[in-house]
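Please read the structure below before turning to the comments.
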Amino acid sequence: MVEGVEVSEADSPAETSQSAQSEESAQSEKGEITSIEGIPALSLDAISSVAYGPEAMLAVLATAGAGALARIEPITVAIVVLLAILVFSYRQVIQAYPDGGGCYAVSKANLGPRASHLGAAALVVDYVLTVAVSIAAGVAALVSAFPSLAPDSLVISLVMLALLTGLNLRGLATSARALILPTAVFIVGIYVVIVAGFVRSHPASGAGVHPAVLPRAAAAVGILLLLKAFAAGCSALTGVEAIANDVPGFRPPRVRRAMRTEMLLGGILATMLLGLAVLTVKFHVAPNPTQTVLSQITAVSLGRGPAYYVVDLATTVILAIAANTSFGGLPVLASLLARDNLVPHVFGLRADRPVYRYGVVVLAVLAAALLVAVNANTNALIPLFAIGVFTGFTLSQTGLVRHWAAKRPKRWWARATLNGIGAAMTAVATVIFIVTKFTSGAWVVIVTVPVLLYGFARVSRYYAEVGKELGLDATPAKPTSGRSVTVVTVTAVSRMTEQALGAALSLDGDVIAVSVQFDDERAEALRTAWDQWNPGVALDILRPATRSISAPMLAYLRSSAVRAYQHVLVLIPEVEPRKWRHRILQNQRGVILANVLRRRCDATVARMPFRLARE
């Protein structure tokens, strides 16, 4: 106890540490999501796909004539079967790999590094495309209701992207809670549409929908066309994997909450797809260039009253914010890649809030570049969509087959069979996507994925070389002491010079002040001021023949007098402006000198800021 100061038990270091840990734990849990919050945070990509998945199938079937449109029902059943396989499979992924990563983690553990790198690259492409497609589709729906906004589509898209980025920089839980209301309105609205449609025997009055005329004999539909329609409809399954990718984002018990969210997603998406498919056939809805299929079904079921506009507006909002799935998944995936030395380590850093800030920002920048490149045109993005995620599906299912075969738990063969069927179905869908959409833009994905793989390899090689140079895998020799010197760069006698010399003198070893002067008069004035000040440190004034600062400093540091020291530290004091815009007013000599010295000599270089008093 210090005289005059009493320390209570509550103030002990142990109690303080426990209190800090408790506060940190509470803050961390506050930033994590529950099972219900997982739907708006990680599942909007999949749920919102009911707005374009059925339409994609109808667009393919319509090429065979109106009679082929009825085939949407069996195709939707097949897609729902695949959805069930994927949902149960990803529940197993969540349980087996609770640290997140989904396809990447499964492939890495069971298929080797090359397969895991392929899965990661495919998911990165898909996440970026998901953001761009979702926002572009949402803006397109908005423009359909308000045509005067058409010229500003790109600007509106970028504003929406900026708002989503801001929400996610504040934390996944914050964004999830902000999206609960519009998500609930959309889900309830779609179920109201389905129930009302089942009850009606004829379209609602004023629906404005003209049913397609179906021939008595159904049109002949070839197997290839059915497969193309199946592959197109599988775009409704994108986003199913996002929950498994971000298990650490859930509150404890994380695995149980994530598995529950996966089941909720599967149930909601399956019933919506089946209900809309039945209504499509019941009311003979066909593709329309001026009105979406979902809009037609809503009008048939509810009429064009207030309820219709509520559902339509909710659809617009959900399509725009479905990009939140990628903001939840890609930063976590990038953090895992950073941990494995495949991307820069900065992607593994988290801010005060549980947010991988750099992953969020890079995702936003890439999505913005893509939106600008296609002028926010959804049709230009759709051909690229889903290839990446279905590649991930295939790798994940195949990896789980090997996982069960190696672990052999109870009834492992049933699990392996389920995953094997899923792998085969998703592989077929992937091949169909690539073949049928290659010339429509899918080639971009085929080119981008190898580029990402090459980038992974180069980053990994760099970290391996650095690790070898640092000797991370070996025990280093014991450190030895030696003569050391701190060289302080000086421009004038000032308080900044005083602080720099004080810092240098606090270290062991000699201290030398060095100044580069180009003018005789200035050099003499500095010598006179230095001698009058007499700080107890020798001053060497360099007089170069040219106007270069770095060249004479390099020559000085390479001189025999300085090289006699085992350790050389160069301390460069510089003014730190009060405001960032004042940086342009500085001469930047310190930055330039530090960069040159770091590249061209062995001395340790440190820049010491002199902080100006705040106004």
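The values are calculated or read from the model by the stated rules, or taken from the named source; none is laboratory data. The structure displayed is predicted, hence computed values, not measured ones. Every residue, glycine as well, gets a Cβ built from its backbone with ideal geometry; the counts of neighbours run over all protein chains shown.
From the list 255, 247, the one residue that fits, being out of contact with any Leu (no Cβ under 6 Å at 6 or more places or on another chain), more than 12 Å from residue 45 (Cβ to Cβ), surrounded by 24 or more Cβ atoms within 10 Å (Cβ to Cβ) and of a type in the set (A, V, I, L, M, F, W, C), is 247. Residues considered: 53, 4, 31, 65. Of these, the only one that is at pLDDT below 80 and within 28 Å of residue 272 (Cα to Cα) is 65. Of note, residue 55 does not satisfy the criterion of being surrounded by fewer than 20 Cβ atoms within 10 Å (Cβ to Cβ) and more than 24 Å from the chain's Cα centre (by Cα).
Per the conditions (1) crowded, with 18+ Cβ neighbours inside 10 Å; (2) under 24 Å from residue 419 (Cα atoms), the sole criterion not satisfied by residue 132 is (2). When you scan the stretch 507-523, do you find a residue that is surrounded by 13 or more Cβ atoms within 10 Å (Cβ to Cβ), out of contact with any strand residue (DSSP E or B) (no Cβ under 9 Å at 6 or more places or on another chain) and over 20 Å from residue 610 (Cα atoms), even just one? Checked against the condition, which is being surrounded by 13 or more Cβ atoms within 10 Å (Cβ to Cβ), out of contact with any strand residue (DSSP E or B) (no Cβ under 9 Å at 6 or more places or on another chain) and over 20 Å from residue 610 (Cα atoms), the stretch 507-523 yields at least one hit. Of these, 85, 79, which one is surrounded by 24 or more Cβ atoms within 10 Å (Cβ to Cβ), modelled with pLDDT of 85 or more and out of contact with any Lys or Arg (no Cβ under 9 Å at 6 or more places or on another chain)? Residue meeting the stated conditions: 79.
Of all residues in the stretch 395-452, exactly one satisfies the criterion of being surrounded by fewer than 17 Cβ atoms within 10 Å (Cβ to Cβ) and closer than 15 Å to residue 90 by Cβ, namely 421.
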